[in-house]
Amino acid sequence: MLGSTHGTLTTGSRRARVIACGEQPGPAVHGRPADSDDLDVSGRPLYADVPDLDRFFRPESVAVVGASDAEGRPNTGVTRQLVRWAERVGARLHPVHPTRESVFGLTCAPSVADLPEQVDLAVLLVADPLPVIEQLAEAKVRFAVVFASGFAETGEAGAAAQARLAAAVKRSGIRLLGPNTNLNAFEHFRDDLDGPSIALITQSGHQGRPVFALQELGIRLSHWAPTGNEADLETADFLSYFAERPEVGAIAAYVEGLKDGRAFLLAADRAARRGVPVVAVKVGRTETGARTAASHTGKLTGADEVVDAAMRQYGVIRVDGLDELQDTAALLARARPPRADGVVVYSISGGTGAHAADLATTAGLRLPTLSPTRQAELHQWIPEYLNVANPVDNGGHPVGDWRGRKIIDAILDDPEVGVLICPITGPFPPLSDRLVQDLVDAAEHTDKLVCVVWGSPVGTEPAYREVLLGSSRVATFRTLANCITAVRAHLDHHRFAAAYRSPFDQAPRVLSPSFRKSRMLMRPGQQLSEHAAKQLLRAYGIRVPREQLVTSAAAAVRAAGLVGYPVVMKASGAQIAHKTELGLVKIGLTSASQVRDAYRELTDIARYEGVALDGVLVCQMVERGVEMFVGVTHDDLFGPTVTVGLGGVLVEVLRDAAVRVPPFGEDQARAMLAELRGRALLDGVRGRPPADLDALVEVILRVQRMALELGDDLAELDINPLMVLPSGQGAVALDALAVCR
């Protein structure tokens, strides 16, 4: 290892109506008076105060309600740990118990009202904390911790009990951790370690143990927030607080469910603005995992694709395993910013080097070929028959003498190299000991990242325990996979941080003229017809084909003449979702007789299928382009989301799509396109011209504006296909479906 918002969201639809009607802004948002600059056009906050948690983590006085020293009592062990912790940190501890005179030699107060002083923190070791909250408020206690379980994690009745607790806490003004939490915040943090620290957030205390144990390897840990059920204080609160702490080099989190999607984004944005890396395990990738997490914490897990995209937007590094969490957080907390993104693999074995290079390249790391001049320099010490282009294979013998350090220094001197990875698959003393010492010495004299993978399963060797773990400059890993994951995260984080611009700064705060036009088209609880949905798109400046809605065969012929042959004819009605499957689309019509026949056939099919029509659309036929789709859906956790992907009739089969949570800018819109497996189609294949990417990005941004302004009133929007024409010719929405909430 390397050794050196609380509050609820204002609903989008209500906020839109407030602004439209000229009413006064609503109540305070995140502890600050709300005004138009605090909310975007959807009514969601753009600002979140950082909670002052100094006295929570470093209280001067603590009350333990329900304290006990009776043998065999569950509260006794908890009380003992808190007494020891208070002695260690210099806090005054006051036991509270109605029938005991003293606990562990400390005088007991019979009730909260009888405490000898105003305390910063109260730890509640009682089965029903609700009656105590009001007493704490009267005593002006600032923070409380509730350990009791039996709340939202247990089902409907528990959720109701938690809601009552949360309401009481909100009325009291106390900030509460829990319920269903533990003592992790009051662990023994080593104070003999220096350097940037890791701050830890977990919803399951046990899941933070591997990260907490990093202290035994010389990695500093400064805080641990076990959030439990988050009736009040939540992951986002601690994320914001830790991002502001000067000693915190990285934040590690184990998240089962997010309480408030926007609050999480604002907290992640705060960390991103300050360049503080956040590494997270987020449970819920599978249906089973999501169900289990909900039963544990009683919160929404959110659609995993949306959670994943939201984390990427704000630079949160998502990993899968706790081992990855600890290794990646440790590297990000302590490593200096990279001087270059080139990675060199250096080993004593060609097989080891090839394996490592293969894994690194697959993971997206750049392994530059060293220049002929650099290779010639390396061949001064490495036999000519060995490959030194990258990976660098020294053959073994040079590591046992003066040549070993020369080789390492030469690699690190290369301006293209920012990271050196040296996998040592197993100890082979004394050569491995000399190699390790050379790597440590070289790391002390460079500002580039030196990573060592100590592959021995034993882990008791002096070269590992004493030399590698004793170094503050070498990043040491036990597996090559974790090393590569951490290095990739390190490089990605610094690229992200260097380019990051907060989307909340540019989020729209004033409704556009399009909003008033679109509101007249909305039909609450209904699906709009294609014609009405396209009018909605027109209101937001999204191009649709020339078309007319007609109600007779004669009118269809006149419309075709105005639109221009060839034409497409489609049945238009509020309840039609899949026109093609029902035979309600006719394409390539080139004459008046074909148009008359098509009108009669479409209306006959609609009558037979029992589909109500508002007419038949006669549309311009647009053929040459790439079929895409752009859509809006409503996520239970984050609200409106925008999706883009390959379109057409196979959209549900291909499932090639990227999603983002508004607000986002042009850079994220383009990043969405880069994520698509079929991205090459937009660049032009098999002689086709490249598509108009600028027009596609513009449509994505206009759809986002629509999603923000219509807020929660728009349940779903699907533009499919959106025909993206050749470069410079724009994009046309050939079909659209809109559903109102």
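As a summary of the residue check, ALA598 satisfies the conditions (1) of a type in the set (A, V, I, L, M, F, W, C); (2) at pLDDT below 95; (3) more than 16 Å from GLN313 (Cβ to Cβ) except for the one numbered (2). Listed by position, the helices (runs of 4 or more DSSP H) enclosed by the range 645-731 that each have at least 2 residues that are of a type outside the set (Phe, Trp, Tyr) and under 30 Å from ALA574 (Cα atoms) are 651-654, 693-710. Does VAL18 meet the test of being more than 24 Å from ASP232 (Cα to Cα), part of a loop (DSSP other than H, G, I, E, B) and at pLDDT below 95? When the stated conditions are applied, VAL18 does not pass them. Scanning the range 341-359 for residues that are in contact with a Pro (Cβ under 9 Å, 6 or more places away or on another chain) and either assigned to a helix (DSSP H, G or I) or surrounded by fewer than 16 Cβ atoms within 10 Å (Cβ to Cβ) (or both), we see that the one that is modelled with the lowest pLDDT is GLY350.
Scanning the range 568-616 for residues that are charged (D, E, K, R) and not in a helix (DSSP H, G or I) returns LYS570, LYS579, GLU581, LYS586, ASP614. For the condition over 25 Å from PRO457 (Cβ atoms) and within 43 Å of the chain's Cα centre (by Cα), GLN380 does not qualify. Scanning the range 506-542 for residues being among the basic types (Lys, Arg), in contact with an Asp or Glu (Cβ under 8 Å, 6 or more places away or on another chain) and assigned to a loop (DSSP other than H, G, I, E, B) gives a total of 1. All told, GLY173 meets the bar of being within 25 Å of PRO59 (Cβ to Cβ) and modelled with pLDDT under 95. Residues that are over 16 Å from ASN184 (Cβ atoms) and in a helix (DSSP H, G or I) within the range 50-79 comprise ASP54, ARG55, PRO74, ASN75, THR76, THR79, listed in sequence order.
The values are calculated or read from the model by the stated rules, or taken from the named source; none is laboratory data. In this text the structure is predicted, and so the values were computed from the model without any measurement. Neighbour counts run over all protein chains shown; Cβ positions are idealised from the backbone, glycine included.
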